[in-house]
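Before any comments, here is the structure.
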Amino acid sequence: MSSDATRGADDMIGDGTLAVRAGLPEPVKYEPTLPGPVFAAHFHLPGEPTGPYTYGRDENPTWTHLERAISALEAPGESGVETLVFASGMAAISAVLFSQLKAGDVVVVPSDGYQAVPLVHEQLRAYGVEVRSAPTGGDAQLSVLAGAKLLWIETPSNPGLDVCDLRRLADAAHEAGALVAVDNTLATPLGQRPLLLGADFSVASDTKGMSGHGDLLLGHVSCRDAERAAEVRRWRKIVGAIPGPMEAWLAHRSLATLQLRIDRQCGTALAVAEALKGHRHVTGLRYPGLPDDPSHEVAARQMRRFGSVISFELPDRAWAEHFLGALHLVEEATSFGGVRSTAERRGRWGGDAVPEGFVRFSVGAEDPEDLITDVLRALDETAKALG
Ligand code: PLP
């Protein structure tokens with residue numbers, strides 16, 4: 001099967017087929033299906049220095065394959081989407097913010113989003129950009145939109161798991177003359193497709209669910225507008241926040257199992273959430289896939305899968321710490337979206353407005369029964385130890 005044939009039919013094929021074929025080059029006799037990483041600082045370039053491959057900070061064939069794959073996942077069947085890969089999610093986020101905003105501009109950001117981003121906001125303020133914030137839930141960002149150049153959305157938000165109506169916010173922002181960027185890290189394109197819901201930029205940390213094995217850092221920006229893409233590309237070139245070819249290749253290899261991993265993880269996340277529901281020591285349980293979650297109605301309208309992250313509160317810090325230490329199958333670690341379950345007491349970082357006993361739990365690809373047994377046992381043991 002030629003990848004061209006697959007590309008033409010991308011909007012009709014299933015997610016699993018899309019994931020395993022995304023970004024593959026035309027088959028070449030005796031060549032591998034997915035060519036190995038190209039390690040090159042420079043490329044042979046006699047005569048006029050024209051592309052596609054001139055210098056390793058500008059382009060690399062391994063990135064090209066991955067970028068095509070991500071574009072196919074972000075907007076199946078569309079040919080005009082451009083994706084740029086970066087050294088990390090933060091590099092991708094910064095590329096959009098710093099390539100699009102200048103002194104005197106206004107940006108609207110979520111007040112409950114990923115906690116490293118406020119550092120970027122500090123930097124934007126230092127450069128004369130006005131940063132306004134509002135919570136994700138209830139579409140509250142709409143209330144501070146007037147005069148903004150860019151609306152930054154993170155839905156579901158990390159770690160609170162609130163959801164806003166992407167289509168509604170994107171339409172309102174465009175009406176007000178603002179661009180819209182969505183941090184889609186938690187959902188991945190198989191969970192939600194921001195470009196199809198009206199966003200100008202879909203941005204993600206591919207360190208998480210996209211690559212899914214907890215062994216590399218990577219980020220990407222996808223957009224439809226060639227001029228905007230050129231601005232982001234220019235930023236990547238001048239800052240040099242580029243991924244290594246090995247990371248790019250590993251990420252592409254991992255995309256082949258994206259649908260398998262995400263389906264398994266989302267199914268298990270719902271099962272774990274159901275098992276925790278009503279537990280006498282668990283409060284504030286959140287998972288957008290739970291039918292009675294405050295976010296469910298909006299999430300169900302725009303998401304095709306609800307993600308691998310759940311959150312809940314235990315009575316206090318000592319409770320949360322004991323629980324995390326008592327788990328056998330869940331590593332205590334930050335990050336999320338990987339095949340091995342991880343969890344952490346989010347308050348230990350000090351940046352999120354969460355209670356001391358707040359736990360963010362990233363559900364992996366373990367057997368659901370094993371994971372649920374482990375979680376309920378750890379809760380019982382903690383209750384016995386702490387009363
Ligand atoms: N966006 C979200 C929602 C995140 O959770 C993270 C990291 O946890 C990032 C962006 C930053 O990604 P990276 O660590 O790959 O720079």
(request) Give the range 330-347 a look and list any residue that's away from the ligand (no atom under 15 Å from the Cβ) and modelled with pLDDT of 95 or more, or say none. (result) VAL330, GLU331, GLU332, VAL339, ARG340, SER341, ARG345
(message) Being out of contact with any helix residue (DSSP H, G or I) (no Cβ under 7 Å at 6 or more places or on another chain) and assigned by TED's automatic domain parsing to the domain that holds THR136 is the requirement here; does HIS174 meet it?
(response) yes
(request) Give the residues of the range 251-299 that are in a helix (DSSP H, G or I) and either in contact with a His (Cβ under 8 Å, 6 or more places away or on another chain) or charged (D, E, K, R) (or both), sorted by residue number. (result) HIS252, ARG253, SER254, ARG261, ASP263, ARG264, GLU274, GLU297
(message) List pairs: first residue in the range 119-142 and within 14 Å of LEU97 (Cα to Cα), second residue surrounded by 16 or more Cβ atoms within 10 Å (Cβ to Cβ) and among the basic types (Lys, Arg) anywhere in the structure, Cβ distance under 6 angstrom, at least six positions apart or on different chains.
(response) none
(request) Quick one: ALA226 ticks every box in (1) crowded, with 19+ Cβ neighbours inside 10 Å; (2) aliphatic (A, V, I, L, M); (3) away from the ligand (no atom under 14 Å from the Cβ) except a single one, so which number is it? (result) (1)
(message) Given the criteria free of Cβ contacts under 8 Å to residues at least 60 places away in the same chain and over 21 Å from ILE153 (Cβ atoms), does LEU285 qualify?
(response) yes
(request) Give me the pairs, please: first residue somewhere in the range 59-74 and under 15 Å from GLY244 (Cβ atoms), second residue anywhere and open to solvent by 10 Å² or more (accessible area, probe 1.4 Å) and hydroxyl-bearing (Ser, Thr, Tyr), beta-carbon distance under 8 Å, and either six or more positions apart or on two chains. (result) GLU59/TYR53; ASN60/TYR53; PRO61/TYR53
(request) Looking only at the range 311-329, decide whether some residue is at pLDDT 95 or above, buried (at least 17 other Cβ atoms within 10 Å of the Cβ) and under 19 Å from the mean Cα position of the chain (by Cα). (result) yes
(message) ASP10 - would you say it is of a type in the set (Asp, Glu), open to solvent by less than 90 Å² (accessible area, probe 1.4 Å) and at pLDDT below 95?
(response) yes
(request) Tell me which residues, restricted to the range 266-279, are touching a residue at least 12 places away in the same chain (Cβ under 8 Å) and open to solvent by 10 Å² or more (accessible area, probe 1.4 Å). (result) CYS266, GLY267, LEU270, ALA271, GLU274, ALA275, LYS277, HIS279
(request) Please report, ordered by residue number, the strands (runs of 3 or more DSSP E) entirely within the range 127-221 with at least 3 residues that are open to solvent by 10 Å² or more (accessible area, probe 1.4 Å) and away from the ligand (no atom under 11 Å from the Cβ). (result) 130-134
(message) Need pairs with beta-carbon distance below 8 Å; first residue in contact (Cβ under 8 Å) with a residue 60 or more places away in the chain and hydrophobic (A, V, I, L, M, F, W, C) and within the range 82-101, second open to solvent by 10 Å² or more (accessible area, probe 1.4 Å) and more than 15 Å from the ligand (Cβ to nearest atom); sequence gap 6+ or separate chains.
(response) LEU84/GLU67; LEU84/ARG233; VAL85/GLU67; ALA95/TRP235; PHE98/TRP235
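So that you can scan it fast, the table gives a plain yes or no per residue for (1) outside the structural domain of VAL363 (by TED's automatic domain parsing); (2) of a type outside the set (Val, Ile, Thr); (3) closer than 30 Å to GLY347 by Cβ:
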site	(1), (2), (3)
ASP139	yes, yes, yes
ILE153	yes, no, yes
ASN158	yes, yes, yes
ALA170	yes, yes, no
(request) Answer with yes or no whether VAL106 is touching a residue at least 24 places away in the same chain (Cβ under 8 Å), under 30 Å from GLY191 (Cα atoms) and within 16 Å of the ligand (Cβ to nearest atom). (result) no
(request) State the number of residues belonging to the range 15-57 that are in contact (Cβ under 8 Å) with a residue 12 or more places away in the chain and either open to solvent by 90 Å² or more (accessible area, probe 1.4 Å) or not aromatic (Phe, Trp, Tyr) (or both). (result) 26
(request) Could you tell me whether LEU119 is farther than 24 Å from LEU169 by Cα and either open to solvent by less than 10 Å² (accessible area, probe 1.4 Å) or assigned to a loop (DSSP other than H, G, I, E, B) (or both)? (result) no
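The values are calculated or read from the model by the stated rules, or taken from the named source; none is laboratory data. Since the model is a prediction, treat every value here as computed from it, not as a measurement. Cβ coordinates were reconstructed from backbone atoms using ideal geometry, including for glycine residues, and neighbour counts include every protein chain displayed. Protein only, heavy atoms only, side chains kept; ligands, DNA and RNA dropped before computing areas. Shrake-Rupley method; radii C 1.70, N 1.55, O 1.52, S 1.80 Å.
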